[in-house]
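I have placed the structure first, in the form of C-alpha cells, so that the comments after it can refer back to it.
Here, each number is a calculation from the coordinates, and none is a lab measurement. All values derive from a computational prediction rather than experimental measurement. Cβ atoms come from the backbone with ideal geometry, glycine included; neighbour counts cover every protein chain shown.
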Amino acid sequence: MSAHPFITPAPPGYEPVPARVLTDIATLPCDLYIWRGPRPILYAMRGGDLRKVITRAQRGMSFLVREIDSDLLRGALAASLPRVLANQRMTPVERSKTAYSIAAKVLTPVFTRENPLDHDGLLLTHQTIDAITLHLIDDEEMVWAMVATMQKHVATHTHAINTAVYGIVLARFMQFGSTDAIRDVARGGLLHDIGKNRVPRVVLDKASTLDASEWQVMRTHVKAGHDMIVRALGYPPSYAHIIAEHHERCDGSGYPAGRLESGIALDSQLVGIVDAFDALTSKRPYRMAVSAFDALHIMRVAMRGQFSDEILREFIKLLGGFQAMSAGMDSGDLAGVMRVAG
Ligand SMILES: [Fe+2]
C-alpha cells in the first residue's frame, strides 16, 4: 500500500503538489512556491522554466500552489496525462504511479461534498479518465502496471479511480465492444458513487452496521448520483444507466429497482462486480481489507447469484493472469476460487 501522495502540510491558502506530477505539462500554468521559512517563497513563475521543476522532481520534492490557482493547475495536469502515459523515459510502473497521482489530484475536488459538480468539472473528469482509457486499451504493459499501482486506502476518489481502472481492464479483457463502450464503463465506473456526496457523513462513515432507516438513506446515492450527472451536463450521458444500476443484482436482491439479470445492462453488471471487488479488497473505517482470493470467494460463494457468472469468471481469469505475473500479490490461489465455487 502506498502513502497518500497529497497528505503533505501546507500553509493556509496553499496546496501541496509533488513536483513529479508536473514534469509533462507544456507550460507552467501558475506560480510555484516552496516552503522553507515562515512564508512560501516564489520558486518558478507562471509560464516559467520547467527545468527547475524537473530537477526538483528528480529529488522527489514538492511545491506549493495557491488554492486560487487550483483549477488552472488541474486543467494543465489533465492535459498532460496523455504525455505522461506515453512517456518512454519512465518505466510503466513510474508512468502508472504518476498518472494515478495526477488523476487523484485532478479528481479529488469532484468527490468533495463541499463542491457541487458543475459542467466544467465533469468535462475535466471525462478528459482525465478518457486519457487513461485510451492508453490502457492499447498498452498491455501499462494495464498490469496500473493494476499494481492502485492505492487501497480509504478515500472515495481512490475507490472511484480503482473501479474505473478495473472496469477498463476487464472490459478490454472480455473484448467488450468498441472504444466508446469501454469509455462508458470507465466514466460510469469513475462516477458510480458520486451521489454519496449527498449522503450525510453520519451515515456514510458509520463504523457499525447501518439500521433500516440509515440503509434507506444510503440507497439514495444511486439516484442522487444519476441526477447530479444529468444536471451538470444538461442531458443524460450514455453511461448514466451504469450509475443508476450499479447496485442492481442478478437475483433481484439489489436496488433501487430489484431488477433481475436480464433487466440489467451488461456494462452495469460489470461495474457492479469490480465495485464490489475493490470495496472488499480496500480498507474501510469499519473493517480491514480482505485478500483478492477471499474477496472473490465471498463473491462466488456467500454472494452466489448476485453477480453474472460469466463476467465474474472472466474477472477471476484476468486476476489469475495478473497473479501469475506478480509474485508478491496477496491473492492466494485465484484458480482455487473457481474450483471451490464450481
Ligand atoms: Fe454505490
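Quick check on the exposure proxy: order 235, 14 from fewest to most C-beta atoms within 10 angstrom. Please list the in-between numbers first.
Working: 235 8, 14 20.
So the residues, fewest neighbours to most, are 235, 14.
Which values of log₁₀ I(q)/I(0), to two decimal places, follow from the Debye formula for the chain at q = 0.07, 0.09, 0.10, 0.15 Å⁻¹ with a uniform point scatterer at every Cα?
With one equal scatterer per Cα and no solvent, log10 I(q)/I(0) is -0.30, -0.49, -0.61, -1.33.
Provide Rg over Rh for the stretch 158-239; use the alpha carbon set for both Rg and the Kirkwood Rh (inverse mean inverse pair distance).
Working: Rg = 14.9 Å, Rh = 14.0 Å.
Computed over Cα atoms, the ratio is 1.06.
So which trypsin sites (Lys or Arg not before Pro) in the stretch 253-319 pass both tests, a DSSP loop state and at most 15 other Cβ atoms within 10 Å of the Cβ?
283, 304
Could you compute the FRET efficiency for residue 238 and residue 45, with r as their C-beta to C-beta distance and R0 at 35 Å, rounded to 0.05?
Between residue 238 and residue 45 the formula returns 0.25.
With a Förster radius of 35 Å, plug the Cβ-Cβ distance of residue 253 and residue 230 into 1/(1 + (r/R0)^6) and report the FRET value to the nearest 0.05.
On the way: r = 27 Å, r/R0 = 0.76.
Result of the calculation: an efficiency of 0.85.
Mean residue ellipticity at 222 nm from the helices of the chain, using -39,500 (n - 2.57) per DSSP H segment of n ≥ 4 over the full residue count, to the nearest 500 deg cm²/dmol?
-16000 deg cm²/dmol
If you take the charge dipole of the chain about its Cα centre, with +1 on Lys and Arg Cβ and -1 on Asp and Glu Cβ, which of 18, 318, 92 is farthest toward its positive end?
Value computed over the given set: 18.
Would you kindly calculate the translational diffusion coefficient of the stretch 1-67, applying Stokes-Einstein with the Kirkwood radius from alpha carbon pairs, for 37 °C and a viscosity of 0.692 mPa s, and quote it in µm² s⁻¹ without decimals?
The diffusion coefficient I find is 269 µm²/s.
Any chance you could run the full-extension gain for residue 303 through residue 55? It's 0.36 nm times the residue separation minus the Cα-Cα distance, nm to one decimal.
84.2 nm
What does the charge add up to near residue 252, with Lys and Arg as +1, Asp and Glu as -1, over the other residues with Cβ less than 9 Å from its Cβ?
Surrounding charge for residue 252 is -1.
Run the numbers on the stretch 90-341 and let me know its relative contact order in percent, using alpha-carbon pairs under 8 Å that are six or more apart.
Numbers: 350 pairs, mean separation 41.4, N = 252.
Once normalised by length, the contact order is 16 percent.
At what distance in angstrom do the alpha carbon centres of the stretch 156-196 and the stretch 217-276 lie from each other?
The stretch 156-196 and the stretch 217-276 have Cα centres spaced 13 Å from each other.
Between residue 87 and residue 294, what length in nm is gained on full extension when 0.36 nm per residue of separation is reduced by their alpha carbon distance? Write down the numbers at each step before the final one.
Details: separation 207, 0.36 × 207 = 74.52 nm, distance 3.61 nm.
Here the answer is 70.9 nm.
So how do 262, 62 line up by other beta-carbon neighbours within 10 Å, fewest first?
Details: 262 6, 62 20.
Going from least to most buried by this count: 262, 62.
Suppose every Lys and Arg Cβ carries +1 and every Asp and Glu Cβ carries -1, with no other charges. What dipole size does the chain come out with about its Cα centre, to the nearest 20 debye?
1040 debye
Any idea what diffusion coefficient the stretch 78-200 gets from Stokes-Einstein, in µm²/s, Kirkwood Rh on alpha carbon pairs, 20 °C, 1.002 mPa s?
148 µm²/s
Report the full-extension gain for the segment residue 178 to residue 72: residue separation times 0.36 nm, less the Cα-Cα distance, to one decimal in nm. Before the final figure, lay out each step's value.
Details: separation 106, 0.36 × 106 = 38.16 nm, distance 3.26 nm.
So the chain would gain 34.9 nm between residue 178 and residue 72.
Under 27 Å from the Cα of residue 206, which lysines turn up, not counting those fewer than eight places away in the same chain?
Of all the lysines, those that pass the test against residue 206 - Cα under 27 Å, at least 8 places apart if same chain - are 105, 152, 196, 223, 283.
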